[in-house]
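Remarks on the structure that follows.
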Amino acid sequence: MPFYSAHTASGYLVNNLSSVLDQKDMSSFGLSKLASLSPTTTRKICADEQYIPSPDVLEKICVCLEVEPGDVLKLRGTMNI
């Protein structure tokens, strides 16, 4: 299993789950029940925009909310490469 970190090193990739849930008129607790996730997990993702869910959790969220990963994850600002 590859190493997974909940925060990116640069901080440019952020989660937008709170906004998505607002648009769907759903609470993080409601999502946790629908997606069979821990309420702590969904609350943590909603409370911290820099917390990036694991691929498995992101997949469950996207399937349950009928959204694409790009709707949940966004790039903030610009990167200097």
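See the values below:
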{"read-out": "Restricting the range 12-29 to residues that are part of a helix (DSSP H, G or I) and open to solvent by 40 Å² or more (accessible area, probe 1.4 Å), the residue that is farthest from Leu75 (Cα to Cα)", "value": "Phe29"}
{"read-out": "Residue list for the range 30-46, restricted to those being open to solvent by 30 Å² or more (accessible area, probe 1.4 Å) and either part of a loop (DSSP other than H, G, I, E, B) or in contact (Cβ under 8 Å) with a residue 24 or more places away in the chain (or both)", "value": "Leu34, Ser36, Ser38, Cys46"}
{"read-out": "Which numbered condition Ala9 fails, given (1) open to solvent by 90 Å² or more (accessible area, probe 1.4 Å); (2) over 27 Å from Gly77 (Cβ atoms)", "value": "(2)"}
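The values are calculated or read from the model by the stated rules, or taken from the named source; none is laboratory data. Keep in mind that this is a model prediction, so the values were computed, not measured. Virtual Cβ from ideal backbone geometry, glycine too; neighbours counted across all protein chains shown. We work out accessible area using only protein heavy atoms, side chains counted, and drop any ligands, DNA or RNA first. Shrake-Rupley method; radii C 1.70, N 1.55, O 1.52, S 1.80 Å.
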